[in-house]
Structures are given as C-alpha cells and as structure tokens.
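Colleague: Supplied in structure tokens, the structure appears directly below.
No lab work stands behind these numbers, since they all come straight from the coordinates. Bear in mind the structure is a predicted one, so any value in this text is a computation, not a measurement. Positions of Cβ are generated from backbone atoms using ideal geometry, with glycine treated the same way; all protein chains shown enter the neighbour counts.
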Amino acid sequence: MKILLLAGNTLRARAYAQQLTHLDPSLYEIEGVFYGFDNNLFESPILNIETKRYFDHNKIFIPDFSESLEETFKINKWSFVNVNNRDVNSEAVLNEIDLKNCDIVVFAGYGGQLLKNNHFVSSKQYLHMHPGELPLERGSTTIYYSILNGRDCTVTAFFMTEKIDSGKNILFSKYSVPNKNVDIDQWFDNVIRADCFIHAIPLIKVKKDTNVSKKNKSEEYYVIHPVLKHIALLSLK
Amino acid sequence: MTGDKLDYIYVNPQAPKEKINYSYSKFGGEKFMQCWEVSRKKYLINKNELKLIFKINTNSNTEKLFLGWIEDFEQNCFNNFNELKLLIKRFEVTRKIYDDYDENFRKKEKYSFDESRLYLLFAFILIQAYEKEKMLYYLNALLKLNDINLGFEILKESSDELLLQYCVKKELEFIYNLKEKLG
C-alpha cells in the first residue's frame, strides 16, 4: 500500500511522519509532497510535565517535534519532493500529487486551508483526521467544544470530499479529556490525530471501516471565542 | 491582552469593518476572564428589569427579518433554526451582518454591513436561541456579536442602549452558568 503524505511545515505533519515509522515497511511504501516550506527556523514547543504524563498514562506515542519532516524522511529513506508554493490548491502541488501513484493521500496542511474540488477528481482518496466525532462535531476548534459539552475527545479518520468534514468515516478514536495544563493546541491536538491516523491505516489496508456514524445528528462549530476557550481550559482537573 | 494590564483586546471600534481575529487565542487564565468581565460590566448601568420594545428603525430587509424572528420567539413559535444556523455560518466567516441577503444568506451589497442595530438584534435572537436550545454555537456567536456591539459608540447613546445592556447581561449570565456547570 502506497501512502503519500501531503504536508506543510507543521507540527502535525511531523507527528504523522514519525507515526509512519511504526508501520511495517514491507507492507507500506511512504512518499511525501512537501509544500510551502521556508528556511525559517521552526521552534518546537516545550513538552510540559502534565502533557507528557497524559500521553504516558494513555500509552500514546510522543513525537520529537524538533525533528524536521525532511529528517524523518531521510532517516527512513522515503522519497519526497518540495514544492515552493504555500497554496495546497496550486497547480504545482496538484501536479506532484498526480505524479505519485499512491493509494491514499494523507493531508497535513497549514491551518485553515481547504482542499478545492481539483483534488477530488482523481481516484485518489484523501485521508484526514478531524478532532471531533463526525458528524456530531464538525468544524473548528472542536476539542474545546467536546470539553464544554462534557464529552470525551474523539478523533475521526475519514476520507475527505469537497464538502467540509463529510465523507466516509474510517475510525473513531476516543481520548479522555486532558488534564489541567495539558497543552491542547500544540501537543494534544496533533498527537491524538497522529495516534488515530496510525490506527486507521491498517483498517484501510484491509478495507475495514466503521463507515457509520455513532450519531446521525450533525452540528457545525466555528472558531471558539476566547472566553469559551478559557472556560474549557479552566474546567480541566 | 498584554502583561499584567487588565485589557480585553477583542472589542475593536474598527469592527465590523475590521475582522476581529479569534484564531489561536492565547490562554491568559483567570486574569483574562476578569478582563472580559470588566469589559462587559462597565456597560451595565441599569440594574432594573429591562423592558424591551422592538420597532422598525431602518429600511433594511434584514431588520424586518430579525423583527419577525423575534416575534416568533416571543410567541414561542420560532422554527427557522436551519436559516438561523446558516446566517451564523455566514456571520462566522465574514463577522458582518448585511442589510440585505438573498435566499441563501449571501450578501446582496458588498459594503452594507455597518448598521449597528442589526448586530444588536441578531445578538438578541441568539440569546433566545441559546435559551431554547443550549447549543454552544449560539453562545459563541453571541460573544463575538457583543464584542462588535461594544465597539459601536453610537449604540451607547441611542434608544437601543437598553437592548445593548440586555445582551451584555444575558451573556454574563450564560457564561457564569456554564462555568458553574463545569465546576
């Protein structure tokens, strides 16, 4: 099975790439299309005690965010190309994806970027990990809404369509609500998405999927107001 | 918010022309919540029960729509939640309320978004919707609308001042309740 990582220079892409090293190389071939990288130094966020404790307690792999995407690929002898364009919908990016004869494209782009229809005209399937239970928790900053709604945090691995947060669901992974001081934006969000990702890949390979939502109700959330974000964070135990 | 200064940065007198940015907001702990509270409480002058009367003030079609919705809420027969959610979606993308929309809530005119009364009426509608449905996207949009409303100097001296106070008072009440519920 051939996996293409379509990646911006992001923490999430690093987490995904480092999780890919856990796959059996005899079963999976990995390639990369990296876009919009610049020469700026990438500051990796500090892993505080509470965040590390959460991951250790839940046996979730902790990536080394100081390791660049290129380094991970080089160490593992995976091939990749760099596209000098930050627009994921640019012709240059689309051409590179077309050149790769992959089974799935794993999207780990820059925050706020949406894939336009051009991506979905080929038979390639785009895998995305959304930090919410779909379709109940569609949209933005849904981890905070899960906390405010008294729910566990869920990541849904699904095949994307041109319609936001809709498509065939592959896997729902549940995570307990993070403890006080866990770094949600930089660590928790990226790491649980990567954890769900690596569990979804074998399901895709054997063509197994949940394909049904646990709840039919669909709700859309938008970028959380700082007051609500604070209430969520201050409620953590 | 910067340093120890008690400042709430999300009220911007340039809004709605300038879009207030809420992405990746930094955590400021209880101090941030105090800043928000101060930004709201200074407008609560009238301590009595607020009696609100709604009448048409502008020529805007959106105002007519909003007043119709308000009437439906008052008569407990509002059932346009899908339309309301679509308008929230449009508002969340643009952070603007336009004087007129087509049937899909797409703006009809690009620059007709500075009627302060519409923002206030929409905030009032969201209050009714949140009280009825308790869905957080109503409260989320209400907070953003009140940030815009408090930046409108004109509202503080208008006949809509009481409505502004009502919207702020309800926002405070909702947030206190949510905080208490989460312990």
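Colleague: Report the residue, chosen from B:Val168, B:Val38, B:Val11, that carries the largest GNM mean-square fluctuation when chain B is represented by alpha-carbon nodes joined by springs under 10 Å.
Modeller: Comparing B:Val168, B:Val38, B:Val11 in a Gaussian network model of chain B, the most mobile one is B:Val38.
Colleague: Could you state, as a whole-number percent, how many of the C-alpha pairs of chain A are farther apart than 26 Å?
Modeller: Of all Cα-Cα distances in chain A, 36 percent exceed 26 Å.
Colleague: Starting from the Cα-Cα distance between A:Asn181 and A:Leu236, subtract it from 0.36 nm times their residue separation and give me the gain in nm to one decimal.
Modeller: This chain segment gains 19.0 nm when fully extended.
Colleague: At 7 Å along the Cα-to-beta-carbon direction for both B:Glu30 and A:Ser122, put a label point, then send me their distance in nm to one decimal.
Modeller: 5.5
Colleague: For the protein assembly as shown, report the % of Cα-Cα distances exceeding 43 Å.
Modeller: More than 43 Å apart: 19 percent of the Cα pairs in the protein assembly as shown.
Colleague: Another question, then. If I require 18 Å or longer along the helix axis, counting alpha carbons, and a Kyte-Doolittle average no lower than -0.5, what helices from chain A are left? Use full DSSP H segments.
Modeller: A:189-205
Colleague: Run the quick spin-label model on A:Asn76 and B:Phe81: label points 7 Å from Cα toward the beta carbon, then report their separation in nm to one decimal.
Modeller: About 4.4 nm separates the two model spin labels.
Colleague: Averaged across orientations, what area in nm² does the convex hull of the alpha carbons in segment A:1-98 project?
Modeller: Computing the convex hull of the Cα atoms and averaging its projections yields 7.2 nm².
Colleague: Among A:Cys196, A:Cys102, B:Cys167, which comes first, second and so on when ranked by fewest other beta-carbon atoms within 10 Å?
Modeller: Ordered from fewest to most neighbouring Cβ atoms within 10 Å, A:Cys196, A:Cys102, B:Cys167 come out as A:Cys102, A:Cys196, B:Cys167.
Colleague: With just the Cα atoms defining each centre, how far is segment A:150-167 from segment A:60-109? Give it in Å.
Modeller: Rounded to whole Å, the Cα centres lie 21 Å apart.
Colleague: Give me A:Asp185, A:Asp56 sorted ascending by neighbouring Cβ count inside 10 Å, so fewest comes first.
Modeller: Going from least to most buried by this count: A:Asp56, A:Asp185.
Colleague: Let me check I've understood the local charge: for A:Leu27, count other residues with C-beta under 11 angstrom from its C-beta, Lys and Arg +1, Asp and Glu -1. What total comes out?
Modeller: 0
Colleague: Would you mind checking the pairs B:Lys64/B:Lys169; B:Lys19/B:Lys89; A:Lys59/A:Lys217; B:Lys26/B:Lys107; A:Lys237/B:Lys31 and listing those with alpha carbons more than 23 angstrom apart?
Modeller: Distance filter (> 23 Å) returns B:Lys64/B:Lys169; A:Lys59/A:Lys217; B:Lys26/B:Lys107.
Colleague: Let me ask something additional. If I model a spin label at A:Thr161 and B:Glu109 as a point 7 Å from the Cα along the Cα→Cβ vector, what separation in nanometres do I get?
Modeller: 3.8
Colleague: For the protein assembly as shown, what is the mean residue ellipticity at 222 nm derived from helices alone (per DSSP H run of n ≥ 4: -39500 (n - 2.57); sum divided by total residues; nearest 500 deg cm²/dmol)?
Modeller: -12000 deg cm²/dmol
Colleague: In what order do B:Met33, A:Met1 fall by count of nearby beta-carbon atoms within 10 Å, going from fewest to most?
Modeller: Listed from fewest to most nearby Cβ atoms, that is A:Met1, B:Met33.
Colleague: For segment B:29-182, compute Rh as the Kirkwood radius over C-alpha pairs and then the Stokes-Einstein diffusion coefficient at 25 °C and 0.890 mPa s; write the answer in µm²/s, rounded to an integer.
Modeller: Reported coefficient: 153 µm²/s.
Colleague: Something else now. On alpha-carbon atoms, Rg over Rh for segment A:39-149 using Kirkwood Rh?
Modeller: With Rh from the inverse mean 1/r over Cα pairs, Rg/Rh is 0.99.
Colleague: Compute the separation of the alpha-carbon centres of segment B:61-99 and segment A:14-52 and state it in Å as a whole number.
Modeller: 44
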